[in-house]
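Below: one structure, written as structure tokens.
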Amino acid sequence: MNAGNVGIGTTVSLNTLDLKGNVALGSYAGAYSAPTGGMITSGNVGVGTTFPANMLEVIGNADVMGFLGIGVSAPTAQLQVGSSGDGSVALANAWNTFSDIRLKRDLAVIPHALDKLLELHGYYYFWKQGSDQSRQVGVVAQEVEAVLPELVHTGSDGIKTVDYPKLTALLIESTNNLKAQADKAEAESASLRADSMAKDAAIAQLKAESARLKAAVCAKFPDLPFCAPNLAE
């Protein structure tokens, strides 16, 4: 003890309680060995609460510097929920991504978006391993990487993952491409219709002038062959 502080396994106690060594609590005490410098407990742990209802309950903010895995022992990203084929599901009312224009620079519209989209395919598939053997639907990371590598992440284990929400940008710009093509086709069709109408009007005018000329000629020379009353127009 040092100035009211308690030290276990150390002669220098700088805090209210300093403990050097391994710790086992609850039913684990005397039954299991804790990892070096670590702690194990069979009960619930509460941080910021005196009544933890779960194995770990945190009331307040928590910072995690490193990778956090839920349902997985070796996460390969800052946050990983489960592994492929294990049927893991994460639920939320919303998952918002930073998108404010004030945070971005060098904005450029995705070129040839429709061509890129047409390089992709949507598949039905089944996981090769894992407990979830229900039919899935999705894309293939390698195909996406070939046209939009920005959407594909390769983990430290070499496994590729796709940022599905960002495919929305490709879909939006592809729709814009289709709209532009449709507008161009409509404009060309309208131009062709206008040309056709102009030609029809010109033909009608020529027919009218021909009829007037025929009438004038036949009035002066009624015996000409084409002036016969039963001659088809």
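In this structure the amide hydrogen of residue 25, modeled in the peptide plane, comes within under 5 Å of the amide hydrogens of 40, 41, 42, none closer than 5 places in sequence on its chain.
At a Förster distance of 25 Å, what's the computed FRET efficiency of residue 226 paired with residue 202, Cβ-Cβ distance as r, to 0.05? Computed FRET efficiency for residue 226 and residue 202: 0.60. Spin-label pair residue 186-residue 59: with each label point 7 Å from Cα along the Cα-Cβ axis, the two points sit 6.0 nm from one another.
Dipole of segment 89-146, Cα-centred, from +1 at each Lys and Arg C-beta and -1 at each Asp and Glu C-beta, to the nearest 20 debye?
Details: 6 positive and 7 negative charges, 36 e Å.
Dipole magnitude for segment 89-146 comes out near 180 debye.
Which label marks the calculated value of mean projected area of the Cα convex hull in nm², given the options (i) 28.5; (ii) 29.7; (iii) 22.0? Step by step, mean projected area of the Cα convex hull in nm² for this structure corresponds to label (ii). In the chain, the calculated helix contribution to ellipticity at 222 nm averages -10000 deg cm²/dmol per residue, counting -39,500 (n - 2.57) for every DSSP H run with n ≥ 4.
Step through the table entries 116/160; 104/184; 184/207; 104/160; 199/220; 104/179, compare each Cα-Cα distance with 23 Å, and write down the pairs that go over it.
Numbers: 116/160 19 Å; 104/184 32 Å; 184/207 34 Å; 104/160 26 Å; 199/220 32 Å; 104/179 27 Å.
Exceeds cut-off: 104/184; 184/207; 104/160; 199/220; 104/179.
Of interest is the spacing of the C-alpha centroids, which for segment 147-170 and segment 107-143 amounts to 10 Å. Net charge of the neighbourhood of residue 171, taken over other residues with C-beta under 13 Å away and scored Lys/Arg +1, Asp/Glu -1, is +2.
Projecting the Cα atoms of 177, 198, 107 onto the charge dipole of segment 92-221 (Cβ charges, centred on the Cα centre) puts 198 farthest toward the positive pole. Fewest Cβ neighbours within 10 Å first, please rank 189, 42, 88 accordingly. Exposure proxy ranking, most exposed first: 189, 42, 88.
Once the Cα atoms are used to define both axes, helix 167-220 deviates from the longest principal axis of the chain by about 0 degrees.
Hey, with R₀ at 30 Å, roughly what FRET efficiency would residue 126 and residue 96 work out to, going by the Cβ-Cβ distance, to 0.05?
My answer for the efficiency is 0.40.
Going by neighbour counts of Cβ atoms within 10 Å, the residues 128, 166 line up, fewest first, as 128, 166.
Might you report the magnitude of the Cβ-based charge dipole of the chain about its Cα centre, with Lys and Arg at +1 and Asp and Glu at -1, to the nearest 20 debye? Don't skip to the end; give the middle numbers.
Numbers: 17 positive and 23 negative charges, 82 e Å.
Once rounded to the nearest 20, the dipole reads 400 debye.
Any read-out appearing in this document is the output of simple, stated calculations on the displayed coordinates, not a laboratory observation. This is a predicted model, so every value here is computed, not measured. We place every Cβ from the backbone using ideal geometry, glycine too, and count neighbours over all the protein chains shown.
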